[in-house]
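Participant: Dropping a structure here in structure tokens format, bear with me for questions.
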Amino acid sequence: MCGIVGAVAARQVSGILLEGLRRLEYRGYDSAGMALWDNGEIHRLRRAGKVQALADAQAEQPLNGTLGIAHTRWATHGRPSERNAHPHMSANRVAVVHNGIIENFELLREELIAAGYNFDSDTDTEVVAHLIDREVQSGATLLDALRKAMSRLEGAFALGVIQIDHPDRLLAARKGSPLVIGVGIGEHFIASDQLALLPVTDRFMFLEDGDIARLTVDQVEVWDRDGQPVERSVSRFEHGSGSAEKGNFKHFMLKEIYEQPAVMRSVMEGRISGERLLEQAFGNDACSLFDRTRQVQIVACGTSYHAGVVAKYWIESLVGIPCMVEVASEFRYRPVVLPEGTLLITLSQSGETADTLAALRDVRERVLGTLAICNVPGSSLVRESDITLMTNAGPEIGVASTKAFTSQLVALMLTTLALGRRNGILSETEAQIIAALKQLPDLLQQLLALDPEIEQMSSAFAEKHHALFLGRGALYPIALEGALKLKEISYIHAEAYPAGELKHGPLALVDKDMPVVTVAPSNDMLDKLKANLQEVRARGGELFVFAGQDQSIKPEAGVSVIRLPAMPVLLEPIAYTLPLQLLSYHVAVLKGTDVDQPRNLAKSVTVE
């Protein structure tokens with residue numbers, strides 16, 4: 001959540017800061033601001049609302065400078081307002097931007113008030129600025145002041161700091177919250193996300209937990225948590241900058257839905273040779289780890305959790321070992337029993353999801369090993385796991401996850417294959433599964449051809465306030481995902497249930513005003529699902545069915561049917577996801593919501 005951008009250069013940086021903030025809008029925010037050093041003073045400009053409001057204010061009263069920091073805030077402490085927007089300052093001498101949460105800020109605030117400092121905001125961040133200023137006024141160097149301030153902070157944070165006596169340097173620090181350094185020629189940058197800096201550099205340095213960095217025009221210096229100078233490697237951004245543009249699409253979400261056939265190829269690229277999985281794609285220690293795995297524990301949040309539930313069906317049916325799936329925010333706060341031989345799999349698009357990271361850190365010493373399935377190569381989750389499988393989905397800008405979800409599903413199927421082969425279970429069916437996976441890009445391309453039909457169906461939801469999603473077997477978590485997408489971007493209240501649970505409560509909600517969306521592939525659960533649908537029709541409910549090609553569910557009054565192409569059963573959870581994404585998208589467009597940046601939500605949830 002939130003977004004940091006900072007720059008030190010030989011040129012004016014206000015435009016760079018504003019463009020960086022625009023590229024971080026996808027993360028979710030409620031206010032924006034920036035501070036620049038100019039002519040012996042630090043000047044600050046802040047606005048509640050969108051980055052455009054800050055840009056308009058900058059046009060009216062320009063800030064100039066070759067050193068600056070900027071921020072988009074998502075409120076955690078103090079309501080959204082200009083006074084609570086970042087950067088926060090101490091006596092006009094220190095300016096700070098901060099992502100994360102300072103858990104002990106109330107005690108520090110009382111201490112600083114007693115020391116004579118005044119607070120102008122309700123945020124936890126302001127204590128950081130005052131702590132640094134107090135140390136500087138006591139004679140510490142700016143670097144030592146930041147280090148001492150960090151030692152007092154409890155919680156998670158990424159920081160960007162400038163100080164009035166140092167027009168030539170930008171300081172940065174991270175603990176539990178992402179921060180990257182953009183490496184330029186005669187200029188350097190910091191940001192929460194590489195995307196913010198793509199217009200000015202494609203070379204990035206990833207800070208480790210506890211690192212402090214000092215950036216000047218000429219160099220980047222880094223010290224680790226023990227205060228020792230260290231070298232952090234520089235890598236090039238792997239995705240073209242065009243992936244962060246909408247192109248001819250109205251919204252990023254629609255663009256990312258349409259990218260999924262290409263993404264499926266990218267997930268499998270380099271991981272499959274002929275009819276065999278290349279286990280080395282998981283890392284050098286993967287084979288040994290999979291050999292000894294006797295149980296899988298999956299931990300994730302939100303959409304990634306739904307992907308994990310699908311994987312439970314695959315792993316238990318195809319590999320024959322237990323697989324437990326739990327929401328990370330619950331997993332980390334209860335005593336967890338982890339039998340011997342447990343492989344912990346964590347799922348996260350960003351690799352910085354706070355609860356998932358905390359769960360990994362809490363139990364990694366008690367499991368056989370850890371596997372991260374993630375989309376961001378330099379993320380904390382990737383660096384802190386034993387082995388990894390990157391989803392290679394490219395930047396996902398829309399807050400509602402689409403291609404990241406389906407790429408996770410493919411990655412989880414590859415993981416299922418690896419576990420099955422090492423346990424001697426899938427030796428005969430591996431070639432069949434890989435052959436099915438190779439059909440996936442073309443299958444998804446066929447599904448995109450249904451878009452006009454789905455758009456027409458969406459009109460039935462324009463005036464609705466509630467919806468029910470049903471699925472059975474491995475399609476139940478897909479129903480969960482479909483309901484989540486609809487509520488995220490259209491603000492329609494939606495719930496999902498296993499279809500067999502209708503009589504155990506949800507049936508009481510069904511009437512003519514409650515559309516019921518059903519995923520109904522032609523598998524061995526179809527007959528039971530049909531009986532559940534009859535229960536809906538008997539209560540006057542209107543059905544919207546995404547049906548398999550060869551089945552007897554037919555359109556009639558109160559029953560709308562869209563038929564999907566024939567496909568292997570293995571691919572059904574992935575394939576049936578795409579029509580639900582399109583349905584949610586078109587409903588949201590009809591309702592006029594902010595599709596890419598839905599209210600109250602953020603793309604990367606880096607706080608609890």
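The values are calculated or read from the model by the stated rules, or taken from the named source; none is laboratory data. Quick caveat, the model's predicted, so the values are computed rather than measured. All Cβ positions, even for glycine, are placed from backbone atoms using ideal geometry, and neighbour counts span all protein chains on display.
Participant: Among the residues that make up segment 346-354, is at least one of them closer than 24 Å to residue 384 by Cβ, buried (at least 22 other Cβ atoms within 10 Å of the Cβ) and of a type in the set (D, E, K, R)? Show your work before the answer.
Facilitator: Applying the first criterion (closer than 24 Å to residue 384 by Cβ) to segment 346-354 yields 346-354.
Right, trim to buried (at least 22 other Cβ atoms within 10 Å of the Cβ) and you get 346-354.
Remaining after also requiring of a type in the set (D, E, K, R): 352.
Yes, segment 346-354 contains a residue that is closer than 24 Å to residue 384 by Cβ, buried (at least 22 other Cβ atoms within 10 Å of the Cβ) and of a type in the set (D, E, K, R).
Participant: Check segment 451-467 and report whether any residue there is without any contact (Cβ under 8 Å) to a residue 12 or more places away in the chain, within 27 Å of residue 318 (Cβ to Cβ) and acidic (Asp, Glu). Walk me through how you get there before you give the answer.
Facilitator: Step one: filter segment 451-467 for residues without any contact (Cβ under 8 Å) to a residue 12 or more places away in the chain, giving 452, 456, 463.
Within this subset, residues satisfying the condition of being within 27 Å of residue 318 (Cβ to Cβ) are none.
No, segment 451-467 contains no residue that is without any contact (Cβ under 8 Å) to a residue 12 or more places away in the chain, within 27 Å of residue 318 (Cβ to Cβ) and acidic (Asp, Glu).
Participant: Next question. Residues that are part of a helix (DSSP H, G or I) and of a type outside the set (Ser, Thr, Tyr): does segment 392-402 have at least one?
Facilitator: Taking segment 392-402 first, the residues part of a helix (DSSP H, G or I) are none.
The answer is no, given that none of the residues of segment 392-402 is part of a helix (DSSP H, G or I) and of a type outside the set (Ser, Thr, Tyr).
Participant: A further question follows. Here's a check for you: in segment 541-593, which residue that is polar (S, T, N, Q) and surrounded by 19 or more Cβ atoms within 10 Å (Cβ to Cβ) is nearest to residue 467 (Cα to Cα)?
Facilitator: By that ranking, first place goes to 584.
Participant: Quick check on segment 304-320: of everything there that is in contact with a helix residue (DSSP H, G or I) (Cβ under 7 Å, 6 or more places away or on another chain) and surrounded by 22 or more Cβ atoms within 10 Å (Cβ to Cβ), which residue is nearest to residue 360 (Cα to Cα)?
Facilitator: Taking the candidates together, the pick is 304.
Participant: So, one more: How many residues does segment 94-138 contain that are within 26 Å of residue 68 (Cβ to Cβ) and among the basic types (Lys, Arg)?
Facilitator: Of the residues in segment 94-138, 1 are within 26 Å of residue 68 (Cβ to Cβ) and among the basic types (Lys, Arg).
Participant: While we're looking at this one, here's another question. Given the criterion in a helix (DSSP H, G or I), at pLDDT 95 or above and not assigned by the TED database to the domain that holds residue 586, identify the matching residue among 382, 410.
Facilitator: 410
Participant: Just one of the numbered conditions (1) surrounded by fewer than 22 Cβ atoms within 10 Å (Cβ to Cβ); (2) under 27 Å from residue 402 (Cβ atoms) is not true of residue 323; which one?
Facilitator: (1)
Participant: Of a type in the set (Gly, Ala, Ser) and under 27 Å from the mean Cα position of the chain (by Cα): does that describe residue 20?
Facilitator: For residue 20, the condition - of a type in the set (Gly, Ala, Ser) and under 27 Å from the mean Cα position of the chain (by Cα) - is met.
Participant: Taking the options 148, 175, name whichever one is at pLDDT below 95, touching a helix residue (DSSP H, G or I) at 6+ places or on another chain (Cβ under 9 Å) and basic (Lys, Arg). Explain how you work it out, then say what you get.
Facilitator: Working: 148 fails: at pLDDT below 95.
Among 148, 175, only 175 is at pLDDT below 95, touching a helix residue (DSSP H, G or I) at 6+ places or on another chain (Cβ under 9 Å) and basic (Lys, Arg).
Participant: Another question about this same structure. Could you tell me whether segment 134-150 includes any residue that is more than 24 Å from the chain's Cα centre (by Cα), in a helix (DSSP H, G or I) and surrounded by 24 or more Cβ atoms within 10 Å (Cβ to Cβ)?
Facilitator: Step one: filter segment 134-150 for residues more than 24 Å from the chain's Cα centre (by Cα), giving 134-150.
Right, trim to in a helix (DSSP H, G or I) and you get 134-137, 142-150.
Keeping just the survivors that are surrounded by 24 or more Cβ atoms within 10 Å (Cβ to Cβ) gives 146, 149.
Checking segment 134-150: at least one residue is more than 24 Å from the chain's Cα centre (by Cα), in a helix (DSSP H, G or I) and surrounded by 24 or more Cβ atoms within 10 Å (Cβ to Cβ).
Participant: Among 36, 63, which is the only one that is at pLDDT below 95, under 25 Å from residue 168 (Cα atoms), touching a Leu at 6+ places or on another chain (Cβ under 7 Å) and of a type outside the set (Phe, Trp, Tyr)? Even if it seems obvious, please write down each step before you answer.
Facilitator: Numbers: 36 fails: at pLDDT below 95.
Just one listed residue meets the conditions, 63.
Participant: Just to be sure, is residue 432 out of contact with any helix residue (DSSP H, G or I) (no Cβ under 8 Å at 6 or more places or on another chain) and either among the basic types (Lys, Arg) or at pLDDT 95 or above (or both)?
Facilitator: Considered against the rule, which asks whether it is out of contact with any helix residue (DSSP H, G or I) (no Cβ under 8 Å at 6 or more places or on another chain) and either among the basic types (Lys, Arg) or at pLDDT 95 or above (or both), residue 432 comes out as no.
Participant: Considering segment 136-177 alone, what residues qualify as being of a type in the set (Val, Ile, Thr), free of Cβ contacts under 8 Å to residues at least 60 places away in the same chain and under 19 Å from residue 126 (Cβ atoms)?
Facilitator: Listed by number, the list holds a single entry, 136.
Participant: Within the group 470, 475, 502, 486, which residue is more than 12 Å from residue 517 (Cβ to Cβ) and either outside the structural domain of residue 582 (by the TED database) or among the aliphatic types (A, V, I, L, M) (or both)?
Facilitator: Testing whether each residue is more than 12 Å from residue 517 (Cβ to Cβ) and either outside the structural domain of residue 582 (by the TED database) or among the aliphatic types (A, V, I, L, M) (or both) leaves just 502.
Participant: Being under 18 Å from residue 13 (Cβ atoms) and without any contact (Cβ under 8 Å) to a residue 60 or more places away in the chain is true for just one of 180, 220, 200. Which residue is that?
Facilitator: Values: 180 fails: without any contact (Cβ under 8 Å) to a residue 60 or more places away in the chain; 200 fails: without any contact (Cβ under 8 Å) to a residue 60 or more places away in the chain.
Unique residue meeting the criteria: 220.
Participant: Determine the pairs where a residue that is under 17 Å from residue 392 (Cβ atoms), located within segment 247-264, has a partner that is in a helix (DSSP H, G or I) and of a type in the set (Gly, Ala, Ser) with Cβ atoms under 7 Å apart, the partner being 6 or more residues away or on another chain.
Facilitator: 263/407
Participant: Scan segment 102-112 and give yes if some residue there is part of a helix (DSSP H, G or I), modelled with pLDDT under 95 and not assigned by the TED database to the domain that holds residue 401, otherwise no.
Facilitator: Here is the first cut: in segment 102-112, the ones part of a helix (DSSP H, G or I) are 105-112.
Filter once more, keeping what is modelled with pLDDT under 95: 105-106.
Narrowing the set further to residues that are not assigned by the TED database to the domain that holds residue 401 leaves 105-106.
Yes; the residues of segment 102-112 include at least one that is part of a helix (DSSP H, G or I), modelled with pLDDT under 95 and not assigned by the TED database to the domain that holds residue 401.
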